[in-house]
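Trainee: Pasting in a structure now, in structure tokens, and then I'll have a few things to ask.
The values are calculated or read from the model by the stated rules, or taken from the named source; none is laboratory data. Given the structure is predicted, the values throughout are model-derived calculations rather than measurements. Glycine also receives a Cβ, built like all others from the backbone with ideal geometry; neighbour counts cover every protein chain displayed. The protein model used for the area step is the full one, side chains on, heavy atoms only, and it has no ligands, DNA or RNA in it. Shrake-Rupley method; radii C 1.70, N 1.55, O 1.52, S 1.80 Å.
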Amino acid sequence: MRKIIIIGECTLDLLFPEKRDTDSIQVSAKPGGRMLNAASMLGEAGYHVTYVSECASDPVGDMLVAYLERHGVDTNSIDRYSDGITPLNLRFAPDNELVCSRNYPKEKFDFVWPRIDSDDVVVYGAFFSLNERVRSNILELLNYSIERKAITIYVPGLMPVPHNGITKMMPDILENLEMASMVLTRSSDLRTIFNETDSTKCYERHIKFYSDNYFHIDSEDAAVKLQHKDMIISAKKPKLDENLETTASGIAGLVAALVDMDIKLEDLPSLSEADMKNIVKRIADSAYSKKISTAD
């Protein structure tokens with residue numbers, strides 16, 4: 001079976017209600033991050049998934065590792081550090097205002113490399129792929145993935161940051177794009193990273209120099225779009241928002257489609273229109289239903 005390697009952060013989301021003027025606030029918690037949730041969805045569906053990450057040897061880290069393992073994900077490539085705490089995201093209703101709590105260790109990120117073979121699928125992105133602490137190790141793994149002829153998917157999602165923050169990150173973002181066989185964005189990524197609002201213009205100005213296969217989850221147009229060279233294919237849904245479940249499901253839908261349709265790295269430069277339509281439909285169905293859609 002082809003293997004799926006997903007590289008991302010281990011975080012726990014703490015969800016605060018809109019009404020907080022009480023002495024007892026009911027806070028809920030769930031595993032955070034699109035990468036981690038995409039990995040758990042794929043593992044639950046029976047795909048061979050390894051998650052590459054790090055978390056502390058603390059109760060939160062234990063919870064997240066156990067969560068992944070319950071959903072069938074291989075966690076041998078998660079580095080468990082002893083100094084520091086597992087990252088927390090505090091999210092406040094109604095606008096999902098975010099406060100991040102990060103206390104990383106001084107020790108170097110050191111994980112067990114997963115086995116990667118030809119046509120395996122490697123997914124990476126978000127801020128974890130740009131974090132200076134772990135970046136050199138991740139780059140080594142990505143270079144190895146390319147040498148092994150794996151399909152690499154870059155998901156360059158970031159929370160809104162000051163413009164000068166993006167300016168500092170752009171060299172690393174461009175380096176990530178250089179390693180990508182495919183790219184997947186959402187509407188807020190265009191504004192935050194590329195200062196664009198239109199995915200076609202984003203492809204022409206920023207993506208096509210690196211990858212011919214560009215997927216976009218457009219929450220404003222309620223559609224999933226693929227631009228492959230000069231061809232644009234779109235699948236509309238009644239509603240596609242940008243919450244964690246939608247984007248994680250979209251990532252999982254893309255990966256599942258590549259594996260189920262047996263699409264190999266050598267196929268990507270000349271995908272048939274039928275295959276492209278099928279992949280876009282799988283992403284849209286998965287993102288809309290919040291679960292991996294099955295092949296037709």
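Trainee: Which of the aspartates and glutamates could a cross-linker bridge to LYS106, judged by Cα under 15 Å and excluding same-chain residues fewer than eight apart?
Mentor: Straight-line reach from LYS106, under 15 Å: GLU54, ASP79, ASP83, GLU132.
Trainee: Which shape class applies to the stretch 163-219: rounded if a/c is under 1.5, otherwise prolate when a/b exceeds b/c and oblate if not, where a ≥ b ≥ c are the square roots of the Cα gyration tensor eigenvalues?
Mentor: oblate
Trainee: If you put +1 on each Lys and Arg Cβ and -1 on each Asp and Glu Cβ, how big is the dipole of the chain around its Cα centre, in Debye rounded to 20?
Mentor: 240
Trainee: Counting only residues 5 or more places away or on other chains, whose amide H sits under 5 Å from the amide H of ALA180 once H atoms are built in the peptide plane?
Mentor: Under 5 Å from the amide H of ALA180: no residue qualifies.
Trainee: How fast does the stretch 1-102 diffuse by Stokes-Einstein, in µm²/s, taking the Kirkwood radius from C-alpha pairs at 25 °C and 0.890 mPa s?
Mentor: Result for D is 170 µm²/s.
Trainee: For the chain, go through all pairs of different Cα atoms, get the mean of 1/r, take its inverse, and jot down that Kirkwood value in Å.
Mentor: Taking every pair of different Cα atoms in the chain, averaging 1/r and inverting gives 19.4 Å.
Trainee: What do you get for trypsin sites (Lys or Arg not before Pro) in the stretch 81-148 restricted to DSSP loop and a cutoff of at most 15 other Cβ within 10 Å of the site's Cβ?
Mentor: Sparse-neighbourhood loop trypsin sites (Lys or Arg not before Pro): LYS106, LYS108, ARG115, ARG148.
Trainee: From the phi angles alone, apply the Karplus equation (6.51, -1.76, 1.60; θ = phi - 60°) to the stretch 119-131 and give each ³J(HN,Hα) in whole Hz, x where the residue is Gly or Pro.
Mentor: 6, 5, 10, 10, 10, 8, x, 6, 6, 4, 6, 10, 4
Trainee: In the full protein assembly as shown, how much of GLU273 is accessible to a 1.4 Å probe, in Å² to the nearest 10?
Mentor: Counting only protein heavy atoms, the figure is 90 Å².
Trainee: If you don't mind, there's one more thing I want to ask. Accessible area per residue for the chain in Å², computed with a 1.4 Å probe and the full protein assembly in place, what is it?
Mentor: Heavy-atom accessible area per residue stands at 45 Å².
Trainee: Another one. Rounded to whole Å and ordered largest first, report the semi-axes of the equivalent ellipsoid of the stretch 44-117 derived from its Cα gyration tensor (root of 5λ).
Mentor: The answer is 24, 19, 11 Å, longest axis first.
Trainee: Using a Gaussian network model of the chain with C-alpha springs under 10 Å, which one of ALA45, ALA150, ALA248 is most mobile by mean-square fluctuation?
Mentor: ALA45
Trainee: Run the reach check for LYS30 against lysines, Cα to Cα strictly under 16 Å, same-chain hits fewer than 8 apart removed. What comes back?
Mentor: LYS290
Trainee: Hey, another quick one. Averaged over every viewing direction, what's the projected area of the C-alpha convex hull for the stretch 198-296? Give it in nm², one decimal, please.
Mentor: Over every viewing direction, the Cα hull of the stretch 198-296 projects on average to 6.0 nm².
Trainee: Sticking with this structure for a sec: Explain nothing, just compute: Karplus ³J(HN,Hα) = 6.51 cos²θ - 1.76 cosθ + 1.60, θ = phi - 60°, for every residue of the stretch 49-61 in order, whole Hz, x for Gly and Pro.
Mentor: 10, 10, 9, 9, 6, 8, 7, 6, 7, 10, x, 5, x
Trainee: Let me ask something else. Using a 1.4 angstrom probe with every protein chain in place, what is the largest-first accessible-area order of VAL255, VAL99?
Mentor: Reading off the accessible areas and sorting them downward yields VAL99, VAL255.
Trainee: Name the residue, out of ALA56, ALA257, ALA93, whose mean-square fluctuation peaks in a Gaussian network model built on the chain with Cα pairs under 10 Å.
Mentor: Taking springs between Cα atoms under 10 Å, the residue moving most is ALA93.
Trainee: Say each of TYR104 and GLU178 gets a label point 7 Å from the Cα, pointing the same way as Cα to Cβ; how far apart are those two points in nm?
Mentor: 2.1
Trainee: Based on the alpha-carbon gyration tensor of the stretch 61-197 and its eigenvalue square roots a ≥ b ≥ c, which shape applies: rounded if a/c is under 1.5, prolate if not and a/b is larger than b/c, or oblate?
Mentor: Because a/c hits 1.5 or more and a/b fails to exceed b/c, the stretch 61-197 counts as oblate.
Trainee: Tell me, what % of the accessible area of the chain is carbon and sulfur with a 1.4 angstrom probe?
Mentor: Here carbon and sulfur together make up 50 percent of the probe-accessible area.
Trainee: Taking a ≥ b ≥ c as the square roots of the eigenvalues of the Cα gyration tensor of the stretch 1-49, is the shape rounded (a/c under 1.5), prolate (a/b larger than b/c) or oblate?
Mentor: Prolate.
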